[in-house]
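The values are calculated or read from the model by the stated rules, or taken from the named source; none is laboratory data. Just so it is clear, the structure is predicted and the values come from calculations on it, not from any experiment. All Cβ positions, even for glycine, are placed from backbone atoms using ideal geometry, and neighbour counts span all protein chains on display. These accessible areas exclude ligands, DNA and RNA; they are computed on the full protein's heavy atoms, side chains included. Shrake-Rupley method; radii C 1.70, N 1.55, O 1.52, S 1.80 Å.
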Amino acid sequence: MRKNKSVFANIDWFLVFIYLLMLLFGWLNIYSANYDEGTFDLFTMQAEPGKQLFWIGTSCIWLFFILLLDGKFYTTFSYFIYALMIFLLIGVLIVGKEIGGARSWYDLGNFSLQPSEFAKVGVLLALSKYLSQLNLTLDKLDTQIKALAIIGLPILLILLQPDAGSAIVFASLFLVLFREGIHVVYLAILGLAISLFVVTLKFEVNIAMIVTILFAGLFAYLLKKGKNSIKPALFSLILGLGFVQSVGYLYNDLLRPHHRNRIDLILGKIDDIHGAGYNLNQSKIAIGSGGVFGKGFLDGTQTKFNFVPEQSTDFIFCTIGEEWGFVGSLITIGLFMALLFRLIILAERQRSAFSRVYGYGVATILFTHFFINIAMTIGVMPVIGIPLPFFSYGGSSLWSFSILLFIFIKLDAYRMDILR
Amino acid sequence: MSRNKFTHRRVFFYFLFSTSALVLLVTLFSIQVINDSYKLSAENNVIKAVTIYPERGYIFDRDGVLLVTNQRAYDLMVTPRQIKNLDTLALCDIIKINKEHFDKYLKRAKRYSSRKASLFLKEISKQTAAQLQERLYEFPGFYLQERTMREYPEKSAAHILGYVSQVPDYILKKDNYYKLKDNYGISGVESSYEKVLRGVQGIKYLVRDVWNKSKGSFADGKYDSLAVNGKDIELSIDIQLQKYAEQLMLNKKGSIVAIEPSTGEILSLVSSPYFDPNALIGRSRSPNFNRMYKDDNKPLFDRSLLAEYPPGSTFKLVNALIGLQEDVIFDGTRFKCDEGWRFSSKLKIGCHVHRSPLNLIESIEQSCNAYYCNTFRRIVEKYPTAEEGYENWRNHVLSFGLGKFLNNDLYNGRPGRVPTLDFYNRQYGKGGWKAPTVISLAIGQDALVVSPIQMANMCAAIANRGHYYTPHIVRKVDGLSLNDSTYTIAKLTSIDKKHFTTVVNGMERVFTGKHGTAKTARLKDIEICGKTGTAENPHGADHSIFIAFAPKDNPQIALAVYVENGGWGSTWAAPIASLMIEKYLTGKISNTKQEAFILNGNLMNTEDAKE
């Protein structure tokens, strides 16, 4: 093969450019969120901006190694990496440091490591490896079960920490299975289940029952052209009604009180800007007060003076919204759209199923983070504590997102070498 | 490659990404561009307007003695919405109030506004404030506001100075300068010169973080305004004289008003019973106020400005002057007095036993009633109808500043009453009354009432031989003399100057004459002119009245003394007037026996004798 080629040969500079732009913009906002006249130097390792610079620097070293490694490395070692990650996820339940009621972190002296962030890489590699087998189709039940198991095992372990946010991110990988051919019915059932869940909570069980019956009727009508329309319609009706009836149990017994609060807030069932709703209200005030053009770099008051919690990690978008205004929102969302669309385009041009599955996986994970994170800061989604990729402060997430993305960039650069 | 048949499913991803982005953008557009309420909330979050209270102006007496000054006090303010994780007990412990009061105050603050800061606890001590300041960070939503509280080093002149309290609701509604619990002059000079004394409040906009810690000024202080201190005021009061007058009036009800005739400046203004103005500052105001409000002797009532009594015999001077002006009497005119004046068997004005007939000077010296009944009748009957005659008489009386508001710089006042034609027409029917019907006016009775300050002013007009300057209490504001024409232009009476000579001589004889009604109060070295009076009091013992001025030529002080239930004018009011004059003109007292008698006199219990 073309051994003597440069490390940077064939890489997609567009993705790299977007990546760097995001890092820069993200870092500026972390700097601003921490900025306070008269305090210590923000460039030292005592301050978040300084530390983030360190994470960015070390990421670049990682990325260099990722690009240096042969593309074959990832396909060869994917199951091994997956196993390693599962091992780390089990380990963290035993020796992990408990922060805020969850064992999600390894305490490494000066630094903490969040294995669920890195597990994304392992799960994606394993899923890609499994789905890239020749002649594998997702019509078969055992294939479906195995594929779901690869995703489900880390979800189970993460729920034990517990970390609902990360679990949801892993669950979103189901969308990759859809691209790989799983029947559309599964997606429809998933969508309906979520809708019914929301309708039941927002209104009441009886209304949700009526909605279910309407859906079943619609289903029966759509199936009318087929021979047997009664049975599947009836089956789905019973299933739907059963689900609606069990929403109360799911909601009251499986969710924790703070989850319930967050959901109730979004559904408008409680209105409490001092208690449960304080963070969301302050977050909306920060973003809303930015106006069209924002208050200007370093001139935000809401985030800087700590009205917004977690202002450099999960709520970094507040600083963007406040200081850069709607224009900043537009730029941020625009950057993500460019990144996501580019990922799908590149994934579709892969010759190997492995690379394609992996590419879709990266896009799905980044999308889920992006959407949930911004949506929660403006009250479109309940507060789910997951970071905004490349923007939020934090070493584990920055490293894992960078690795995730650059493995794909490497795979994409390597695509010509694959003859399969 | 087998699954490439699903390549069309990429469209689902494009759709998912775009709609999600659209949902976010629409929501963001709504909260960032369309909805303005978040911008306001943000400002409320971080910008706190701190009022900078100006120092209220000082008040001095005419010799520069400090009468009113300021002392530091701290108010504990609260913004209910910002209260977080409050350790109520710890706070109660520091400010020394109990939980019930705490809840009550907080409720009151919430009722005003939960977003805006308002007063929680007023005027807490310096020690408590210092203790609280250290731990204030533990109580978000609370802060200390420094302000000033009045202090009265001379402990005197409470009615003149008035007091400062929180701004009343009706002012709060119509004047948006004031905020809840701001200081406001409620009475006295504090009230009439409120705008001068208060200064202008400043505002400082501070930016602060979620813990209520200040992060410096907002927009580099662009919107801040400085406080402008209140202006100092110099009163015309002579505080030494004022305090002496208060001593003389101790245990007596009534008032003393002393005026400098050449300027109209009020030298002292006493209403008794009086109180220490320091009783109405800080947190003791409310109990003290309630106690005095309920007191039967009404110490809060400013008798010197608000009480309206019949002028009694002192009014004979005015009638004498009108008689001279109208040419119905002259110096030598004599009237017979048969222990009074008789019109019919039913109508008689009695008089004390004296030699008869008397001429004008003697009538003043001995206060003959019959003399003035005849004079008054002649004045009224000089004209074809009683109405014309009466109206002419009335206009002369009004020219002495009686029967109308003085329109001066005092916070309070009463017009008194010189009955109008309508008044008598209503009472007796039109044409149903003649001079004899209202003959009591001749000796300052009937429906005629005047306030003590009007009496003093009337005396000043006589002292000036025909003119007066509107009595006023403030000489200088901010070191500058008032150049207000209200006080600098003389008001002329309707009596020619020449007519005063005889009347003034008569007033002198009140002290010097063999039968003078105030001869026991005479002063050795000072030519003093006066007139006794007794106002009939249907509720109890008569009121003792005296007006006087001195020296006879170039008078420097004119005063009116009222002693309620003091009986004859010569008993209490005349000696008090004489002591006041001597004190003011010479600074010492020669007749210490008389002084002791007055100082020890106690008329407060005569109230029991009423009915």
What number, rounded to the nearest 500 deg cm²/dmol, is the helix-based mean residue ellipticity at 222 nm of chain B, given -39500 (n - 2.57) per DSSP H run of at least four residues and division by all its residues?
-10000 deg cm²/dmol
Longest principal axis of chain B (C-alpha) makes with the long axis of helix B:500-512 (C-alpha) an angle, in degrees to the nearest 10, of 80 degrees
For n ≥ 4 DSSP H runs only, could you compute -39500 (n - 2.57) per run for chain A, divide by its residues and tell me the 222 nm figure to the nearest 500?
-22000 deg cm²/dmol
Once neighbouring chains are kept in place and the probe is 1.4 Å, which whole percent of the accessible area of chain A is contributed by carbon and sulfur?
68 percent
Collect residues whose amide H, placed 1.01 Å from N in the peptide plane, falls under 5 Å from the amide H of B:LEU67; neighbours closer than 5 in sequence don't count.
B:ILE59, B:PHE60, B:ASP61
Environment charge at B:ILE160 (Cβ cut-off 14 Å; Lys +1, Arg +1, Asp -1, Glu -1)
-4
Projected onto the charge dipole of chain B (+1 at Lys/Arg Cβ, -1 at Asp/Glu Cβ, origin at the Cα centre), which of B:ALA577, B:VAL318, B:PRO299 gives the Cα projection farthest towards the positive end?
B:PRO299
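Is any helix in chain A, taking whole DSSP H runs, at least 18 angstrom long along its axis by alpha carbon and on average at least 1.0 on the Kyte-Doolittle scale, and which ones?
In chain A, the long hydrophobic H runs are A:13-34, A:48-68, A:72-95, A:141-159, A:184-202, A:205-223, A:230-249, A:316-348, A:353-377, A:395-413.
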Relative contact order of chain A, pairs being alpha-carbon contacts under 8 Å that are 6 or more residues apart, as %
24 percent
Ordering of A:318-329, B:266-277, B:22-33 by packing [mean C-beta count within 10 Å, highest first]:
A:318-329, B:266-277, B:22-33
Other-chain or far-sequence residues with amide H under 5 Å of B:HIS467's (modelled H):
B:THR493
Those aspartates and glutamates that a straight Cα-Cα span of less than 18 Å connects to B:LYS491, excepting residues fewer than 8 apart in one chain
B:GLU260, B:GLU265, B:ASP409
Peptide-level mean, for A:341-350, of C-beta atoms on other protein chains within 10 Å
2
Reachable lysines, given that their alpha-carbon falls under 17 Å from the alpha-carbon of B:LYS126 and they are not under 8 places away in the same chain
B:LYS96
Take each of the peptides B:168-177, A:237-246, B:399-408, average the number of other beta-carbon atoms within 10 Å over its residues, and list them starting from the highest.
B:399-408, A:237-246, B:168-177
For chain B, rounded, prolate or oblate, judged on the Cα gyration tensor with a ≥ b ≥ c (square roots of eigenvalues), a/c < 1.5 rounded, else prolate if a/b > b/c?
prolate
Restrict the search to region A:34-101; then list the chymotrypsin sites (Phe, Trp or Tyr not before Pro) that DSSP places in a loop and that have at most 13 other Cβ atoms within 10 Å of their Cβ.
A:PHE40, A:PHE43
Please average, across the residues of A:288-298, the number of beta carbons from any other chain that are within 10 Å of each residue's own beta carbon, and give a whole number.
4
With θ set to phi - 60°, apply the Karplus curve 6.51 cos²θ - 1.76 cosθ + 1.60 along region B:69-84 and write out the HN-Hα couplings as whole Hz, x wherever there is a Gly or Pro.
9, 10, 10, 6, 8, 10, 9, 8, 9, 9, 10, x, 5, 8, 5, 9
Counting only residues 5 or more apart in sequence or on a different chain, those whose built amide H sits under 5 Å from that of B:PHE335 are B:LEU358
Normalised by the number of residues in region B:238-325, what is the relative contact order in percent for Cα pairs under 8 Å and 6+ residues apart?
24 percent
Stokes-Einstein D in µm²/s, Kirkwood radius over Cα pairs - the protein assembly as shown at 10 °C with 1.306 mPa s viscosity
43 µm²/s
Out-of-range pairs (alpha-carbon distance over 26 Å; input B:LYS116/B:LYS231; B:LYS252/B:LYS552; B:LYS404/B:LYS519; B:LYS382/B:LYS552; B:LYS346/B:LYS430; B:LYS155/B:LYS195):
B:LYS116/B:LYS231; B:LYS252/B:LYS552; B:LYS404/B:LYS519; B:LYS382/B:LYS552
From other protein chains only, count the Cβ atoms within 10 Å of every residue's Cβ in B:5-11, then give the mean.
4
Taking only Cα atoms, what is the 0 to 90° angle, nearest 10, from helix B:126-135's long axis to the longest principal axis of chain B?
10 degrees
Roughly how many nanometres apart are two label points built 7 Å out from the Cα toward the Cβ at A:ASP107 and A:VAL184?
5.3 nm
Residues B:LYS476 and B:LYS588, FRET efficiency given R0 of 45 Å [Cβ-Cβ distance, rounded to 0.05]
0.95
Return the loop-located trypsin sites (Lys or Arg not before Pro) in region B:343-386 (DSSP other than H, G, I, E, B) with at most 12 other Cβ atoms within 10 Å of their own Cβ; answer none if there are none.
B:LYS346, B:ARG355
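If you average 1/r over all unlike Cα pairs in region A:183-255 and invert the result, what Kirkwood radius do you get in angstrom? It would help to have the intermediate numbers written out before the result.
Numbers: mean 1/r = 0.0788 Å⁻¹.
When all Cα pairs of region A:183-255 are included, the Kirkwood radius is 12.7 Å.
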Please give the Cα centre distance for region B:538-583 versus region B:460-511, rounded to the nearest Å.
18 Å
Rough spin-label spacing in nm, given labels placed 7 Å along Cα→Cβ, for B:ARG417 and B:HIS352:
2.9 nm
Work through the residues other than B:ASN288 whose Cβ is under 12 Å from its Cβ and net out their charges, Lys, Arg +1 and Asp, Glu -1.
+2
On a C-alpha basis, how far is the centre of region B:274-316 from the centre of region B:136-151 in Å? Whole number, if you could?
34 Å
Extension gain (nm, one decimal) between B:ALA541 and B:THR128, 0.36 nm per residue minus Cα-Cα:
143.4 nm
Only sites in a loop by DSSP and with at most 11 other Cβ atoms within 10 Å count here; which trypsin sites (Lys or Arg not before Pro) in region B:516-572 make the cut?
B:LYS524
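What does the charge add up to near A:PHE341, with Lys and Arg as +1, Asp and Glu as -1, over the other residues with Cβ less than 12 Å from its Cβ?
Local charge sum for A:PHE341: +1.
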Once accessible area is computed for A alone, B alone and the pair with a 1.4 Å probe, the total buried surface, to the nearest 100 Å², works out to 4200 Å²
Roughly how many Å is it from the Cα centre of region A:245-268 to that of region A:305-355, as a whole number?
28 Å
Taking every DSSP beta bridge that has both residues in the protein assembly as shown, what percent is antiparallel when rounded to the nearest 5?
95 percent
